[in-house]
Every structure is written in C-alpha cells, then in structure tokens.
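J.: Mind having a look at this structure? Questions to follow.
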Amino acid sequence: MKETKNVNKNAVFNTIKSICSIIYPLITFPYISRVLMRENVGKIDFGASIISYFSLIASLGVTTYAVRECAKVREDRSELSNMASQIFSINLFSTLIAYLALGVTLIVAKPLENYRLLICIQSASILFTTLGTDWINTAMEDFRYITVRTVAVQCLSIVLLFLFIHRPEDYLKYAVISVIASSGAYLINIPYRRKFCDIRFTRNLNLKKHLPPIFLLFAMILSQTIYCNSDMTMLGLMKDASEVGLYSTSVKIYNLVNTVIASVAWVVMPQLSENFAKKNYDEINRLLKYSLNFIIVLGLPCLAGLNVVTGAIIEVIAGRDFLGAVTSLHILTIALLCSFIGGWMGNMIMIPSGRESVCLRAGIVSALINIILNLVLIPRYGLDGAATTTAISEFLGICIQIPYMDKNIRVHGIWNMLKGPVLGVIAIGLIGTVCTSVFHSSFVILAAAVLASAVVYLLILILVKNEFVMAFLAPVLHRKK
C-alpha cells in the first residue's frame, strides 16, 4: 500500500513537471513564432536537431543505465557513491569526445557554416546535462525536487524571454535562453546531489561492467535519435528553413503530449528495475497495469483533442502563418498513438528487464525505414511526407517488440481501462465539433473545447468508476466522509 502511495505521489509530481513543460512552450512559442518569424524558428530547430546527435554521443546511453543501476544500490550510500562516480566519470570522457566531434563537424561541413555560432550556443546544454547528473534524482525518486527546480528555472526563462527578445534578429539571444530553460536547472543539482551520495571523478571506471550495457543503450538511443531527428535534418537539407519551421510546430505539439504521457516511465522505472531483478511478477504486473492505465486515461483524450481542434491549436500556439502544419499534425497523431504503445513496451518492460537488445533491434529498423522513406517522400510531399514516415516507423517498432514480450506479463481488465476513456473520446469529438461550428475565434474555440471536454471527460470516468481516477479521488472522498 505504501509503494502504491509513493508511485501515485511521484506520478503527480512528474505529471506537474510535464504539464509545466507544456505550459512553458504554450506561453513562449506563440510569442517567439510571431517575433522571430518562421525562418528564424526554423534555424533554431535545425540547429537543435544537429546538437541532438552530439548530445547523444555525450550522454552515451548513460541516463537510462544510471537510473536502473543506481536504483538497485540506492539503500547503500557508499555503494551508490561508487556506482554514480564511475558512471559520471565515463560520461565526462564521452562529453569530451562529443565536443571534439562537434568542433570538427563545424569546421568541415560547409552547409553548417551559417549556423556555427547558433550551434555553439546550443551546445552548452551538452555540458550542463553531464555536470548535473540528474539521473541520480530519478533513481532516488526525488520527483518533488525535480519538479520545483524545473518550474523555477522555466519561470526565470520566461522573464528573460520577454525582457530580451523583441526582434527577428534576437534569435541568438533566444538560443541562450532556451539553453537556460532546458538545461540550466541541471547546474543547481551539483550541490544538491550530496544529499544522496558523493559524486567525484575517478579513474577506477570498472569499464568491463559498465561499457557493454551502456554501449547497447547508446546504440538503441542513437537509432531513436536518428529516427526522431532525421525528419527535421533532412527537411532542412532537402527543403528550406521555412518548411522546417512549419514541421517543427507539429513536432513540438507532438512532443508536448508525448512528454506528459512518457513521464510515467521515469516514475515506475526504478521500481520496475528493482522488481525485475527479484522476479517479483505480482508487483511488476501491478506497476505495468498502473502505467498502462495512466497512458490510456491521459493519452486517448489528447489524441482526440488534437484531431478535432487542430487548426485552432496551431493558430493559438504559433499564429496563422503556421497553419500549413495542420495536415502533418493530423498524421503525427497516428504516430503518437503508436509511440504510447511502443514506449510502454520498451521503457517499462524491455529496458527494466534488461532486454535492451530488443529495443535496439526495433530502433535500428525504424531508423533505417524512416531515413529511406524520407528520401522518397520529403522531396515530393515535404513536411507531410516526413510526418508519414514517422507514423510508419513508430508502428514498425511495435511490431518488432511484440514477439519478445515476457510471457509472465499479465495485465488484466483492459476493457475496464478502455471503457471510460473511449466514451470520453466520443464526447470530446462532439464537443470539439460543436465549438468549431459555433465559435469563430481560434482562442475561444480552444478554450471552450478544452474546458468543456475536461469537465465532461472527468464526469464520465467517475460515472464508470475508472480504477485509475478513483484511486486518486479516494483520499479526497474518504476525507469528506
């Protein structure tokens, strides 16, 4: 019972953090897209797509591995300090290699000549992430601190944004502020992490133990990164910054929803890793049912909402200049559904159980298919072609993982999980259609649809006594009695 309360509490904090991560771009992106204009937004996102590859080299798959391994020894401060120090030291070496590779690339690659200063600014996030060792807080399930710290830095970034960004030429200043918003919080973690352990540089790296699983996770995440960012990179090389600006708007909305739903993985992963090591399948199945319920209850209404008020969402967030992204966002909602399912299988079953090789296989195949299809579809269909390749690749990733599912995994009561959300999705579709027909202002359409849908959806879940929602409402109802 105590573990259930901890998971619920951690899920609440992590969901608050994820929602704030949604609110932040909802506040900043409408302003940025109108001030910087489509071309400069495209430059920022193209530079970020380049940095993502070198950020991956620096991270080397350390984050997921560190969370899993540190969670196993978190009860012993000495063991935890030793484990964390070894992983941190390996991460420092990989970060140095990443910066050397980035330097060579910027000197040699002529297409990046006009982006050099921008990319150098954005690369600061690589160093901040390594020094921050945020994975130690996740392993220790300190989601309250992570949430408070992240929200505080985002609030500071919003203030800086409105103080310093006023013209299209300010896009480099915006790059600096974006680094502060995304990675500045990690620097605060350097003194705070002493609460759990003492992380220091060490030459005793124990490479035989750490490198094989780290490289396996690195290969897996590399394939995922290539798959996720090849669309943006290839659009920038094969089309123009304007096309990237449109597509990046769809991808931002896609990522906002995906971030909230995927947040449950970091909440349950430490406990899943611990229970897979003990082969405690009763607890594993309970945690997997909880996480799947979370995904269904929050994910399905998001998919419905994105499809019924697509134009209003894009116009409110980015402006009329970005309405060309409507079709690509519709296509990406299909990819989003596949991502929910594939993420649950990969992040909550395969990785905690030590089956990274399955995720690697799925990632490599998806990345290759994505690149091949991009070469065919982007020249002809532009951003809509890029969105289509993403949806196809996500679906293939699921198909590859299914045969390798652990036979001891049993999640019962799927229909009871789906009943309320499916009825709610129908209601959201009707509400969105009515709001679109009655109102003319995109802001009014979006506000009315979201408010009415949220109230009706919650009432439906309560009426059908949805297990997930009732678990959260139980303390409140009990207190009233």
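J.: I need the full set of residues from the range 439-481 which are over 27 Å from E315 (Cα atoms), modelled with pLDDT of 90 or more and in contact with a helix residue (DSSP H, G or I) (Cβ under 6 Å, 6 or more places away or on another chain), in order please.
T.: Correct list: I460, L461.
The rows are residues; the columns are (1) under 22 Å from I19 (Cα atoms); (2) in contact with a Ser or Thr (Cβ under 9 Å, 6 or more places away or on another chain).
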position	(1), (2)
Y254	yes, yes
D282	no, no
L292	yes, no
V297	yes, no
L332	yes, yes
G343	yes, no
V358	no, no
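J.: A further question on this structure: Considering each of I126, I146, I136 in turn, give the residue that is over 20 Å from I32 (Cα atoms), at pLDDT below 85, open to solvent by less than 30 Å² (accessible area, probe 1.4 Å) and among the aliphatic types (A, V, I, L, M).
T.: Just a single option satisfies the conditions, and that option is I146.
J.: Right, another one. Across the range 386-413, which residue is farthest from L329 (Cα to Cα) among those that are touching a Leu at 6+ places or on another chain (Cβ under 8 Å) and surrounded by fewer than 20 Cβ atoms within 10 Å (Cβ to Cβ)?
T.: Among those residues, the one meeting the criterion is I409.
J.: Can you tell me which of (1) in contact (Cβ under 8 Å) with a residue 12 or more places away in the chain; (2) within 27 Å of the chain's Cα centre (by Cα) is the one F164 doesn't meet?
T.: Every condition holds for F164 apart from (2).
J.: Report yes if some residue within the range 298-311 is in a loop (DSSP other than H, G, I, E, B), in contact (Cβ under 8 Å) with a residue 60 or more places away in the chain, open to solvent by less than 30 Å² (accessible area, probe 1.4 Å) and aliphatic (A, V, I, L, M); otherwise report no.
T.: Among the residues of the range 298-311, at least one is in a loop (DSSP other than H, G, I, E, B), in contact (Cβ under 8 Å) with a residue 60 or more places away in the chain, open to solvent by less than 30 Å² (accessible area, probe 1.4 Å) and aliphatic (A, V, I, L, M), which makes the answer yes.
J.: Let me ask another. Among A427, A452, A387, A448, which is the only one that is within 25 Å of the chain's Cα centre (by Cα) and in a helix (DSSP H, G or I)?
T.: A387
J.: OK, next. So, S183, is that one touching a residue at least 24 places away in the same chain (Cβ under 8 Å), touching a Gly at 6+ places or on another chain (Cβ under 9 Å) and among the polar types (S, T, N, Q) or not?
T.: In short, yes.
J.: Output the residue which, of all residues in the range 68-82 that are assigned to a helix (DSSP H, G or I) and acidic (D, E), is least open to solvent (accessible area, probe 1.4 Å).
T.: Top of the filtered list is E69.
J.: Under 7 Å between Cβ atoms, which residue pairs at least 6 apart in sequence (or on different chains) link something in the range 320-345 that is open to solvent by 50 Å² or more (accessible area, probe 1.4 Å) with a partner that is assigned to a helix (DSSP H, G or I) and of a type in the set (K, R)?
T.: Close Cβ pairs satisfying both conditions: D321/R38.
J.: Okay, next question. Mind telling me which of the residues I188, I121, I177, I158 ends up being closer than 30 Å to V268 by Cα, among the β-branched types (V, I, T) and either touching a helix residue (DSSP H, G or I) at 6+ places or on another chain (Cβ under 9 Å) or in contact (Cβ under 8 Å) with a residue 24 or more places away in the chain (or both)?
T.: Being closer than 30 Å to V268 by Cα, among the β-branched types (V, I, T) and either touching a helix residue (DSSP H, G or I) at 6+ places or on another chain (Cβ under 9 Å) or in contact (Cβ under 8 Å) with a residue 24 or more places away in the chain (or both) holds for just one of I188, I121, I177, I158, which is I188.
J.: For residues in the range 14-56 being surrounded by 20 or more Cβ atoms within 10 Å (Cβ to Cβ) and aliphatic (A, V, I, L, M), which is farthest from N255 (Cα to Cα)?
T.: That would be L36.
J.: Return only the number of the condition from (1) touching a Gly at 6+ places or on another chain (Cβ under 8 Å); (2) open to solvent by 10 Å² or more (accessible area, probe 1.4 Å); (3) modelled with pLDDT under 90 that Y281 does not satisfy.
T.: Going through the list (1) touching a Gly at 6+ places or on another chain (Cβ under 8 Å); (2) open to solvent by 10 Å² or more (accessible area, probe 1.4 Å); (3) modelled with pLDDT under 90, Y281 breaks only (1).
The values are calculated or read from the model by the stated rules, or taken from the named source; none is laboratory data. Predicted model, so just to flag it, every value in this text is computed and none were measured. Neighbour counts are summed over all protein chains in view; Cβ atoms, including those assigned to glycine, are modelled from backbone coordinates with ideal geometry. Calculation scope for accessible area: heavy atoms of the full protein, side chains included, ligands and nucleic acids excluded. Shrake-Rupley method; radii C 1.70, N 1.55, O 1.52, S 1.80 Å.
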